[in-house]
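Asker: Supplied in structure tokens, the structure appears directly below.
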Amino acid sequence: ERLVGSEMGIRDSSRPARVAPAAPLMPYRGGTTLATVAAPRGGSGYRRLGDGPAWERVVRGDLAAAKPGREERRTALAAFVQFTDLHLVDVQHPLRYEYLRAQTASAWRPQEALSVAGAVALVERVNALRGAPATGSPLHCVVTTGDNTDNNSRSELDWFLKAMSGGRITPNTGDPRRYEGVQDSGLKLYWHPDGKLRDADKALGFPQVDGFLKAALREVNSPGLGLPWYSTVGNHDALPGGCWGPGDPYFTEFAVGGGKLMSLDESRGAALWKAVKKGRDPKGAQFKELLKSESRRMRSVTPDESRAPFTPAEYVQAHLHPAYKGHGPAGHGYTQENLDSGTQYYSFRISDDVLGISLDTTDPGGHYEGSLGTAQLKWLERELKANEKKDGGGSHVVVFSHHTSKTMRNLRQDPHRPREARHGGDEIVSLLGRHRSVLAWVNGHSHKNDITAHQTPHGSFWEVSTASHIDFPQLARVVELTDNHDGTISLFTTLIESSAPHRTDYADLSQTGLAALYRELSFNAPGAKPTLGGEPGDRNTELILRKG
């Protein structure tokens, strides 16, 4: 069963909810970070990965005490998998700003040409799971929490939808016969895997991998998820570059055009990144002038209309297309009502006991941080109240969004709704805390594992933020909800890696071999933050809550 906005008054019962089974159930560890986690071998420099020690489960009683005997009493309420920040990247896209690598590690990553192979390996991992690790109960669905694409481009959206629902993906745009990006540019700023160039990364120990670029552009085959899946939008799915206000025809023309800037004076790069980080150029006016002034220094690339940015309506339309249905549901949460109302938020049924609510936290005014408009905030409150008024007290609720409570500080007005106020993370926490049905707020954006206990005067809930699948340690998270029948509820969180082996073989450029290399390169990426895995209490956990 899937629910759309309560103001729409529509209930889709074409897909009945799956009822979670009662105990006794069989927990397991295999295929999760409870068994092993990728860890570096060797002492310094470029390091290979191997099988590292497991991350044990931590019981957190910040909001309620864990009572003895609950293991024998508990029954399952729901179980789902969270994907976040897949960042499927068209690495040849003209609008990318790789030349800011000296300013920020996220401008260009040595692993990003392999993002599609990496995402497909994550899909394969989920398909191989025997159920939910803590309880053994069946998984109900997968939910993405945004930044499914990297450049807000139509080609990337197609790759994402095929990765999730199944299909053949050729992660290449422009010239179908050759690579036209920074990794064969001759610029020492970038790792040149195929060439003899002594670039900055090879000076750090990065390997020469002959045939890398050809393999990176080769067709990848995704089996698609064997579960229903739901989609949430992130800033990289809505804004060019993940930060510029949408709708500027110059950026559209540049994205599909034949010029690509690959290097920039360091002082100009520092000024541009400072403007981005401080939010001083949300519409990209400074960026546009920079591109115009650097036109003579651009490299020629093959124009490609598939690199055009997609609009929010096109994002929803693509999800509704029958070619991307996979295991459903049709639209993956989005409906014709979203198209008619110009919205990207909805509610849906995870199980008979648990309602999911997916938010759109991207600010159309620009910048990479987020917020909610008043209309969406009021809709969220109506959804929560309507659920609690149902017979039996309503369902438990899990809220999904891209941005975290700490990264919802961008209160710029929506250009299409100039009179509408925007609302930040503190207001969302306050609203969710007023409704005892809310158990968790699940999100991404920060690329870091972080679990926060929110205690308010009216209630409490857990905020679960999960690391990305582009930056090391490249994870997704299984979330399980159980009733302990002692006045408490447990939320189990279990991190999983892709199915790719931890050890790499540079001669193996198969789809699986590339997915393994994707992880190894992400660990060694210069400037990569070693803290993104979080603390033990942010990883595999049992989070206790008072019931009701």
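Asker: Which one is surrounded by the most Cβ atoms within 10 Å (Cβ to Cβ) among residues in the range 444-489 that are aromatic (Phe, Trp, Tyr) and either touching an Asp or Glu at 6+ places or on another chain (Cβ under 7 Å) or assigned to a strand (DSSP E or B) (or both)?
Answerer: Phe461
Asker: Find the strands (runs of 3 or more DSSP E) located wholly in the range 341-443 whose residues include 3 or more that are at pLDDT below 95, and list them.
Answerer: Passing ranges: none, list empty.
Asker: Here is a follow-up. Report yes if Val91 is surrounded by fewer than 24 Cβ atoms within 10 Å (Cβ to Cβ), among the β-branched types (Val, Ile, Thr), over 17 Å from the mean Cα position of the chain (by Cα) and outside any helix (DSSP H, G or I), otherwise no.
Answerer: Answer is no for this residue.
Asker: Could you tell me how many of the residues in the range 29-45 are farther than 23 Å from Asn127 by Cα and in contact with a Lys or Arg (Cβ under 9 Å, 6 or more places away or on another chain)?
Answerer: Of the residues in the range 29-45, the ones farther than 23 Å from Asn127 by Cα are 39-45.
Narrowing the set further to residues that are in contact with a Lys or Arg (Cβ under 9 Å, 6 or more places away or on another chain) leaves 40-42.
Residues meeting the conditions: 3.
Asker: Please specify each residue of the range 262-279 satisfying the condition of being in contact with a helix residue (DSSP H, G or I) (Cβ under 8 Å, 6 or more places away or on another chain) and either farther than 20 Å from Ser106 by Cα or among the charged types (D, E, K, R) (or both).
Answerer: Within the range 262-279, just Arg268 meets the criteria.
Asker: Here is a list of conditions, (1) assigned to a loop (DSSP other than H, G, I, E, B); (2) surrounded by 17 or more Cβ atoms within 10 Å (Cβ to Cβ); (3) in contact with a Pro (Cβ under 7 Å, 6 or more places away or on another chain), and Pro193 meets all of them except one; can you say which number that is?
Answerer: (3)
Asker: Additional query: Does Lys283 satisfy being farther than 20 Å from Gly174 by Cβ and not in a helix (DSSP H, G or I)? Quick ask: steps written out before the conclusion?
Answerer: Values: farther than 20 Å from Gly174 by Cβ: yes; not in a helix (DSSP H, G or I): yes.
Yes, satisfied.
Asker: While we're on this one: Give the range 119-137 a look and list any residue that's aliphatic (A, V, I, L, M), surrounded by fewer than 24 Cβ atoms within 10 Å (Cβ to Cβ) and outside any helix (DSSP H, G or I), or say none.
Answerer: Leu129
Asker: To continue, here is another question. Here is a check on your reading of the model: is Val116 in contact with a strand residue (DSSP E or B) (Cβ under 7 Å, 6 or more places away or on another chain), under 18 Å from Phe310 (Cβ atoms), surrounded by 19 or more Cβ atoms within 10 Å (Cβ to Cβ) and modelled with pLDDT of 95 or more?
Answerer: yes
Asker: Just give me the residues in the range 490-506 being assigned to a loop (DSSP other than H, G, I, E, B) and of a type in the set (A, V, I, L, M), in sequence order.
Answerer: Our first condition is that a residue be assigned to a loop (DSSP other than H, G, I, E, B); within the range 490-506, this holds for 497-506.
Result: Ala500, single match.
Asker: Could I ask something else about it? Hey, could you check the range 138-183 for residues that are surrounded by 24 or more Cβ atoms within 10 Å (Cβ to Cβ), of a type in the set (Val, Ile, Thr) and part of a loop (DSSP other than H, G, I, E, B) and say which is farthest from the chain's Cα centre (by Cα)?
Answerer: Checked the range 138-183; the qualifying residue farthest from the chain's Cα centre (by Cα) is Thr173.
Asker: Which residue pairs have Cβ atoms closer than 6 Å, lie 6 or more positions apart in sequence or on different chains, and pair a first residue in the range 488-516 that is under 17 Å from Trp55 (Cα atoms) with a second residue that is surrounded by 22 or more Cβ atoms within 10 Å (Cβ to Cβ) and of a type in the set (D, E, K, R)?
Answerer: Close Cβ pairs satisfying both conditions: Phe492/Glu480; Thr493/Arg477; Leu495/Arg477; Leu495/Arg539.
Asker: Quickly run through the range 106-128 and pick out the residues that are farther than 30 Å from Lys277 by Cβ and within 20 Å of the chain's Cα centre (by Cα).
Answerer: Residues satisfying the conditions are Ala117, Val120, Ala121, Val123, Glu124, Arg125, Val126, Asn127.
Asker: Let me ask something else. Is one or more of the residues making up the range 19-38 modelled with pLDDT of 95 or more, under 27 Å from the mean Cα position of the chain (by Cα) and not in a loop (DSSP other than H, G, I, E, B)?
Answerer: Yes, there is a match, as at least one residue in the range 19-38 is modelled with pLDDT of 95 or more, under 27 Å from the mean Cα position of the chain (by Cα) and not in a loop (DSSP other than H, G, I, E, B).
Asker: Kindly evaluate Asp85 against the criterion of being closer than 20 Å to Phe523 by Cβ and either buried (at least 24 other Cβ atoms within 10 Å of the Cβ) or in contact with a Ser or Thr (Cβ under 6 Å, 6 or more places away or on another chain) (or both).
Answerer: yes
Asker: Working carefully through the options Gly186, Gly247, Gly205, find the one that is closer than 25 Å to Ser510 by Cβ and surrounded by fewer than 20 Cβ atoms within 10 Å (Cβ to Cβ). Outline the logic, then answer.
Answerer: Working: Gly186 fails: closer than 25 Å to Ser510 by Cβ; Gly247 fails: closer than 25 Å to Ser510 by Cβ.
From the options Gly186, Gly247, Gly205, the qualifying one is Gly205.
Asker: Quick one: how many residues across the range 429-443 are free of Cβ contacts under 8 Å to residues at least 60 places away in the same chain, of a type in the set (Val, Ile, Thr) and crowded, with 24+ Cβ neighbours inside 10 Å?
Answerer: The qualifying residues number 1.
Asker: Looking at the range 272-317, which of the residues that are of a type in the set (Gly, Ala, Ser) and more than 30 Å from Tyr179 (Cβ to Cβ) is surrounded by the fewest Cβ atoms within 10 Å (Cβ to Cβ)? Spell out the reasoning first.
Answerer: The first filter runs over the range 272-317 and keeps only residues of a type in the set (Gly, Ala, Ser), leaving 275, 279, 284-285, 293, 295, 300, 306, 308, 313.
Cutting the leftovers down to more than 30 Å from Tyr179 (Cβ to Cβ) gives us 275, 279, 285, 313.
Values: Ala275: 18, Gly279: 17, Ala285: 15, Ala313: 12.
Ranking the qualifying residues of the range 272-317, first place goes to Ala313.
Asker: Looking only at the range 519-527, decide whether some residue is assigned to a strand (DSSP E or B) and surrounded by fewer than 20 Cβ atoms within 10 Å (Cβ to Cβ).
Answerer: No, because not a single residue in the range 519-527 is assigned to a strand (DSSP E or B) and surrounded by fewer than 20 Cβ atoms within 10 Å (Cβ to Cβ).
Asker: Another question about this same structure. Could you figure out which of (1) in contact with a Pro (Cβ under 9 Å, 6 or more places away or on another chain); (2) part of a loop (DSSP other than H, G, I, E, B) isn't true of Gly513?
Answerer: (2)
Asker: Still on this structure, please answer the following. Which of the residues that make up the range 302-334 are among the hydroxyl-bearing types (Ser, Thr, Tyr) and either in contact with a helix residue (DSSP H, G or I) (Cβ under 7 Å, 6 or more places away or on another chain) or in a helix (DSSP H, G or I) (or both)?
Answerer: Within the range 302-334, Ser306, Tyr315, Tyr324, Tyr334 qualify.
The values are calculated or read from the model by the stated rules, or taken from the named source; none is laboratory data. All values derive from a computational prediction rather than experimental measurement. Don't worry about glycine lacking a Cβ; one is built from the backbone with ideal geometry, like all the others, and counts go over all protein chains shown.
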